[in-house]
Amino acid sequence: MRPFTIHEGVACPLPLTGVDTDQLIPARFMKRSRAEGYGGYLLHDLRFDETGAPRPGFPLDAPQRAGASILVTRRNFGAGSSREAAVYALVDFGVRCVVAPSFGDIFAQNAVNNGLLPARVSEADAERLIAALLAGETRARVDLETCRVALGALDVAFAIDPVWRARLLNGWEDVDLTLSRAAEIAAFVAADRTRRPWAIPQRP
Amino acid sequence: MIAEPRTLFDKVWDAHVVAAREDGLDLIWIDRHFVHEGSFHAFDKLAARGAALARPDLTFGVEDHYVPTRTRALDRIDPAIRRMMEQLRANTQRHGVRLFDIDDPAQGIVHVVGPEQGLTLPGLSIVCGDSHTATHGAFGALAFGIGASDVAHVLETQTLWQKRPKRLRMTIDGALAPGVSAKDVALAVIAALGSDGAAGHAIEFAGSTVRALSMEGRLTLCNLAIEAGARCGMIAPDETTFAFLRGRPCAPRGADFDRACDDWRALAGDDGAVFDREARLDAAAIAPIVTWGVNPEDALPIDATTPDPDRVADPARAAHVRAALDYMGLTPGQRLQDIRIDRVFIGSCTNARIEDLRAAAAVLQGRRAVVPGLVSPGSGAVKRQAEAEGLDRVFRDAGLDWVGAGCSMCVGMNGDLLAPGERCASTTNRNFRGRQGPGSRTHLMSPAMAAAAAVTGRLTDLRALKRERG
Ligand code: SF4
C-alpha cells in the first residue's frame, strides 16, 4: 500500500451532507472489473444527467478543480453500503484524502485499507474550509504527521484513529501482519473447540 | 477479585480475541463468513496472492444481490448479470465452499438464509461484505459488514484486525400501539440518534419492547442499526431466540442444543455492566413512520408534514432538507398523506420474512392495489411458507406481482428497477438518491404501511384504513 505522509494538491468542495456510497458509485457500475478503473463512475449520477452530459455547476468538473485529489465535504460521508467500490472510485479518480466532520464506519475502514485518508474535522472547520474553497481557493496541503490541513489562510487540525494513522503513514498491509500470528491463531482454534463446541456448523 | 460486570457485546467480543495489540487492535476470530456475488474483488485479491481459503467449512456463498426474481432461467437474463452469478459459482466451487444458488430450495437473501439455516447462532462472530450483516445481531451474535479488502483478509486467515467499538444501550420500554411494528421502532431509533449518531458504536437493544419482539421483528431492528451509523446491533439471546433456532438444519442438535442454550443464556449482559452511552425510547410514543427524504433519518410520523428548510436553523441541515425535497419532488409543509406513489415494493433483508408478508397480506386481504407492485419473499423457505398460508393469492388477487427471492428492488442490481422519477412505497432500508434506479424516489415504511399505500395510491395512515374497514 502506498504510504501517506504529506499530500499537496487541488482541493474540491462538496457542500453536501451524507454523500452515501450509492452516490459515490451507483450499483449498476459494480459489475465491472477493477482493472477497467472505477474513476469515471465517481459520483456519477450527481455529475452527469440521464444523457451522460455533465451537470452544469457540479464542483468536481469545474476547470479550476481539474485533477482534484482532496475533497472537503459535510458530515456522514460514505454512509451506507460496505461496497469498497466507493473507495475504488475515489482512489481511481485520484483522490487521496477526504476531509469531513464524520464518515460511515465501514467506508472509513475501506478507505484506510486502500491508502485513502479520511480526515475528521469539526463541523465549523468543515464549513470554513468549504467557504474558502467556494471563495476561490484551489490548493490544500494535508499533513498526516501533524494531522493538519492547510488551505489559503486556514490551517485546521484533523482527527484520525492513531492505529489508522500509523497504517497510512507506513503503508502497512494487514494480512502479512496476521500471517505472522499463525501460532496464536492455531492455539485459539484448538482451545475454542472445547470452549465453544456449538460454534462449528452442523452438516444438514 | 470479582470480575468486572460485562455487557453482552463485550462477552462475545472477548470470546473471539486471538491476539490483542498494545495499540488497541484485536485480532478477532471469525465463526461465519458469508459471501455473495459482490465478493469477486476479494476472491481476485486472494488469487493475486496465490493464497488458499483458510476455512471453506466456515464460509458460505449465497446468490442474492443479482438473482433474477421473475425467471430462474439464467439463459434469459442480461449476460452481465449472469456473469456475476457465474463468478460466484466458480469462486465457491474452486475453494470448496457451500453455495446456496438459485436452484437451492434454501436460497434467499443472505441475512434471511443465515438465521433460517441455523448458521447464525448466539455468541458467534459473523461477517459478510454487506453492511446489513448487522441483522444477525438479533441472535446475540457479533455481526458486521466489511469491505472487499477485509473480505479477502478473512478468506485468507479467518480473522480480522478490529478496534473494539464503544457500547451504546438503546432501551425501549412499553407496549407498541396497534399498527406499529419493529420497522417503525427502527425508524424511530434512527431519527432519534441521527444517521451517523451511533458511528463507532455497537448498539445493544434492550427493554421490554425489544424482549416482546419476535425474532423477525428483532432482525428488522438490528438490520437497521447500520442506518444509525452503528457498527452492529445486538439483542441478548433468550427463549424466543432458542425456540426459533431449535431444529434448524445447521444448528446443534439434541442434547448439544440444550448445552449450547446454557452457554447462550450466560451471554446476557451482567447487572451493572457499563455502557459508553445510554439512550431511551418510549414505545407508546412511536407512530407509524415514513421517510420523506433521501436518508433514513429523514423520517416522520405519517400524520406529519414535510419540513420547511426556511425554518431549519442549522444551514447545513437546511441545505440538506432543501436538496432532499427537491430530489423527492416535494414541497415544504406538504402533508405526507397527500403524497401519491407510483409503485410498491415489499421485500429486502429488512422486511421480507414470513411475519412481514403476513402483516402486508392482512391489509391487502379483500382489497385491490391501485398501483403496480412487487412482492419478493426473503428466501425460498419464506416463499413456500407464504404459499402454504395462501398469502401469494392475497398479493396476486390484489394485483401485485409475487416473484422469487432475492435482493430485487432493494438495490436493483438484478434489473428490478424504478423508472426515473417514479415514487415507491418500499419496505427496504435505504432511501438514498437513485438507490432503486437512477432518479428513483423511495419512501421507507413497514410492510403493513406499504400495503396500505398500495391500496390508496398515496402514503397512508394504516390506522385510518383499519378504522374504515371497521
Ligand atoms: S436486501 Fe438490500 S440491503 Fe439487504 S442485502 Fe440485499 S441489497 Fe443489501
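The values are calculated or read from the model by the stated rules, or taken from the named source; none is laboratory data. Here the structure is a predicted model, which means the values were calculated and not measured. Here the Cβ positions follow ideal geometry from the backbone for every residue, glycine too, while neighbour counts run over all protein chains shown.
How many of the residues making up the range B:361-411 are surrounded by fewer than 24 Cβ atoms within 10 Å (Cβ to Cβ) and within 14 Å of another protein chain (Cβ to nearest Cβ)? Of the residues in the range B:361-411, 1 are surrounded by fewer than 24 Cβ atoms within 10 Å (Cβ to Cβ) and within 14 Å of another protein chain (Cβ to nearest Cβ). Within the bounds of the range B:302-321, is there any residue that is away from every other protein chain (no Cβ under 14 Å) and within 25 Å of the chain's Cα centre (by Cα)? Yes: one or more hits.
Scanning the range B:438-463 for residues that are touching a Gly at 6+ places or on another chain (Cβ under 7 Å), assigned to a loop (DSSP other than H, G, I, E, B) and surrounded by fewer than 24 Cβ atoms within 10 Å (Cβ to Cβ) returns a single hit, B:439.
Inside the range B:432-450, residues that are under 19 Å from the mean Cα position of the chain (by Cα), more than 15 Å from the ligand (Cβ to nearest atom) and within 13 Å of chain A (Cβ to nearest Cβ) make up a count of 1.
If you check residue B:453 against the conditions, is it over 23 Å from residue B:186 (Cβ atoms) and away from the ligand (no atom under 16 Å from the Cβ)? No; evaluated as a whole, the condition is false for this residue. Which ones in the range B:101-151 are among the acidic types (Asp, Glu) and away from the ligand (no atom under 14 Å from the Cβ)? Passing the criteria: B:101, B:103, B:104, B:116, B:150.
The set of residues in the range B:400-424 being more than 16 Å from the ligand (Cβ to nearest atom) and out of contact with any Gly (no Cβ under 6 Å at 6 or more places or on another chain) consists of B:401, B:402, B:419, B:422, B:423.
From the list A:98, A:87, the one residue that fits, being of a type in the set (A, V, I, L, M) and in contact with a helix residue (DSSP H, G or I) (Cβ under 6 Å, 6 or more places away or on another chain), is A:87. In the condition set (1) within 19 Å of residue B:97 (Cβ to Cβ); (2) facing another protein chain (nearest Cβ under 8 Å), residue B:111 is compliant with all but (2). Of everything in the range B:414-431 that is buried (at least 24 other Cβ atoms within 10 Å of the Cβ) and either free of Cβ contacts under 8 Å to residues at least 24 places away in the same chain or among the hydrophobic types (A, V, I, L, M, F, W, C) (or both), the residue that is farthest from the other protein chains (Cβ to nearest Cβ) is B:425. None of B:42, B:80, B:52 is more than 8 Å from chain A (Cβ to nearest Cβ), at negative phi, surrounded by fewer than 24 Cβ atoms within 10 Å (Cβ to Cβ) and of a type in the set (Gly, Ala, Ser) except B:52.
Among residues of the range B:444-464 that are farther than 14 Å from residue B:341 by Cα and assigned by TED's automatic domain parsing to the domain that holds residue B:345, those with a Cβ under 7 angstrom from a residue that is in a loop (DSSP other than H, G, I, E, B) and of a type in the set (Ser, Thr, Tyr), sequence gap 6+ or separate chain, pair up as B:446/B:181; B:446/B:427; B:447/B:427; B:448/B:181.
Restricting attention to the range A:143-175, the residues being part of a strand (DSSP E or B) and away from chain B (no Cβ under 14 Å) number 9. Checked against the criterion of being surrounded by fewer than 24 Cβ atoms within 10 Å (Cβ to Cβ) and at pLDDT 95 or above, the candidates B:198, B:177, B:141 yield just one match: B:177. Checked against (1) within 16 Å of the ligand (Cβ to nearest atom); (2) under 21 Å from residue B:459 (Cβ atoms); (3) in contact with a Pro (Cβ under 8 Å, 6 or more places away or on another chain), residue B:359 passes all but a single condition, namely (1). Filtering the range A:187-204 to residues that are among the hydrophobic types (A, V, I, L, M, F, W, C), in a helix (DSSP H, G or I) and either facing another protein chain (nearest Cβ under 9 Å) or surrounded by 11 or more Cβ atoms within 10 Å (Cβ to Cβ) (or both) leaves A:187, A:188, A:189, A:198, A:199.
Every condition in (1) surrounded by fewer than 19 Cβ atoms within 10 Å (Cβ to Cβ); (2) within 16 Å of the ligand (Cβ to nearest atom); (3) of a type outside the set (D, E, K, R) holds for residue B:347 except the one numbered (1). Scanning the range A:74-100 for residues that are more than 10 Å from chain B (Cβ to nearest Cβ) and surrounded by fewer than 24 Cβ atoms within 10 Å (Cβ to Cβ) turns up A:91, A:92, A:93, A:94, A:95, A:96.
Residues in the range B:164-182: is at least one under 27 Å from residue B:294 (Cα atoms) and within 16 Å of the ligand (Cβ to nearest atom)? Checking the range B:164-182: at least one residue is under 27 Å from residue B:294 (Cα atoms) and within 16 Å of the ligand (Cβ to nearest atom). Residues of the range B:55-77 being away from chain A (no Cβ under 12 Å) and not hydrophobic (A, V, I, L, M, F, W, C), which ones? Result: B:61, B:63, B:64, B:68, B:69, B:70, B:71, B:72, B:75, B:76.
Within the range B:263-282, residues that are more than 14 Å from chain A (Cβ to nearest Cβ) have Cβ atoms under 7 Å from residues that are exposed (fewer than 13 other Cβ atoms within 10 Å of the Cβ) and in a loop (DSSP other than H, G, I, E, B) in these pairs: B:270/B:5; B:271/B:5; B:272/B:5; B:273/B:5, counting only partners at least 6 apart in sequence or on another chain. Take the residues of the range B:193-227 that are within 16 Å of the ligand (Cβ to nearest atom) and acidic (Asp, Glu): which is nearest to residue A:102 (Cα to Cα)? Ranking the candidates gives B:227 first. The residues of the range B:351-371 that are closer than 28 Å to residue B:130 by Cβ and in contact with a Gly (Cβ under 9 Å, 6 or more places away or on another chain), listed by number, are B:351, B:352, B:353, B:354, B:355, B:356, B:357, B:361.
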